[in-house]
Amino acid sequence: EGIYSLTQEESKKLLLSFSNRLNQRDFFHESGLNKAAELLADHLRSLGYLSSKLEFTKFDFREDRKEVAVTLLYNEGPQTKISSIEVLGAKNLSTEEVKDILQLKQGEPFDIFAFDKGLNLLKDKYQDLGYLSMKISNEGTSSIVKYNSDHTGVSLHVEVDEGALMHVGEI
């Protein structure tokens, strides 16, 4: 319940895909269901529903305890989409190359996990180019990700400090 971006059938299918084999085979395994329920909330956050969370889990056992009805209530929250992506300080990669490495596009849902991964890929790319002291100047600050007032939009502002190009000296 509470997931509006997916049908109930799609939600159930996703939940089962995150579940252990017992749950997938229609056996009740409480800890497996709880873990799958949290993974489903993580999945919703990766779709841009950043405030998505599991509110409660309810298990209604039949009197003979041979069946159980499982109810999961989620609060999906608003979907956050990327309003803008700004890249400053990148001289040896074009803004478009940086955006491609970050794997995020304007107008798409904001996946904070993908953004973090993209920043690491960007650092790796600069390392491969020989910029061993490259860093994201504003990483870890509030200036890199700015949400609008209702959290339905986000502006990304990435400040690249390439550092010096390292050359091989004497061998």
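Structure notes:
- Whenever a residue of the stretch 13-28 is free of Cβ contacts under 8 Å to residues at least 40 places away in the same chain and among the hydrophobic types (A, V, I, L, M, F, W, C), its partners that are in a helix (DSSP H, G or I) and surrounded by 17 or more Cβ atoms within 10 Å (Cβ to Cβ), lying with C-beta atoms within less than 8 angstrom and at least six residues away or across chains, give the pairs 14/40; 14/43; 16/23; 16/36; 18/36; 18/40; 18/43; 22/32.
- Any hit, the stretch 53-67, residues being open to solvent by less than 50 Å² (accessible area, probe 1.4 Å), closer than 28 Å to residue 38 by Cβ and part of a loop (DSSP other than H, G, I, E, B): no
- Count - residues of the stretch 71-113 that are within 20 Å of the chain's Cα centre (by Cα) and β-branched (Val, Ile, Thr): 6
- Looking only at residues of the stretch 17-48 that are at pLDDT below 95 and either among the aromatic types (Phe, Trp, Tyr) or in contact with a Cys (Cβ under 6 Å, 6 or more places away or on another chain) (or both), we find that the one that is least open to solvent (accessible area, probe 1.4 Å) is 28.
- Some residue of the stretch 115-130 being within 15 Å of the chain's Cα centre (by Cα), under 20 Å from residue 49 (Cα atoms) and open to solvent by 50 Å² or more (accessible area, probe 1.4 Å): yes
- Evaluated against (1) over 19 Å from the mean Cα position of the chain (by Cα); (2) closer than 23 Å to residue 78 by Cα; (3) touching a residue at least 40 places away in the same chain (Cβ under 8 Å), residue 45 falls short on exactly one condition, (1).
- Filtered residues of the stretch 45-59 (kept if out of contact with any strand residue (DSSP E or B) (no Cβ under 7 Å at 6 or more places or on another chain) and not aromatic (Phe, Trp, Tyr)): 45, 46, 50, 51
- In the stretch 38-59, the residues that are touching a Phe, Trp or Tyr at 6+ places or on another chain (Cβ under 9 Å) and within 16 Å of residue 71 (Cβ to Cβ): 38, 40, 41, 53, 54, 55, 59
- Taken over the stretch 1-12, the residue count meeting the criterion of being without any contact (Cβ under 8 Å) to a residue 40 or more places away in the chain and surrounded by 11 or more Cβ atoms within 10 Å (Cβ to Cβ) is 4.
- In the stretch 131-150, the qualifying residues are those that are of a type in the set (A, V, I, L, M) and under 20 Å from the mean Cα position of the chain (by Cα), and the one that is farthest from residue 163 (Cα to Cα) is 145.
- In the stretch 145-156, the condition of being among the charged types (D, E, K, R) and either touching a helix residue (DSSP H, G or I) at 6+ places or on another chain (Cβ under 6 Å) or surrounded by 12 or more Cβ atoms within 10 Å (Cβ to Cβ) (or both) is met by at least one residue.
Matching residues to (1) touching a residue at least 60 places away in the same chain (Cβ under 8 Å); (2) of a type in the set (Gly, Ala, Ser):
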position: 102; (1), (2): no, no
position: 107; (1), (2): no, yes
position: 121; (1), (2): no, no
position: 141; (1), (2): no, no
position: 146; (1), (2): no, no
position: 149; (1), (2): no, yes
position: 156; (1), (2): yes, no
position: 163; (1), (2): no, yes
position: 170; (1), (2): no, no
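The values are calculated or read from the model by the stated rules, or taken from the named source; none is laboratory data. Since this is a predicted model, take the numbers as computed values, not measurements. Every residue, glycine among them, receives a Cβ derived from its backbone with ideal geometry; neighbour counts consider all protein chains shown. Just the protein is used for accessible areas: all its heavy atoms, side chains included, with ligands, DNA and RNA removed. Shrake-Rupley method; radii C 1.70, N 1.55, O 1.52, S 1.80 Å.
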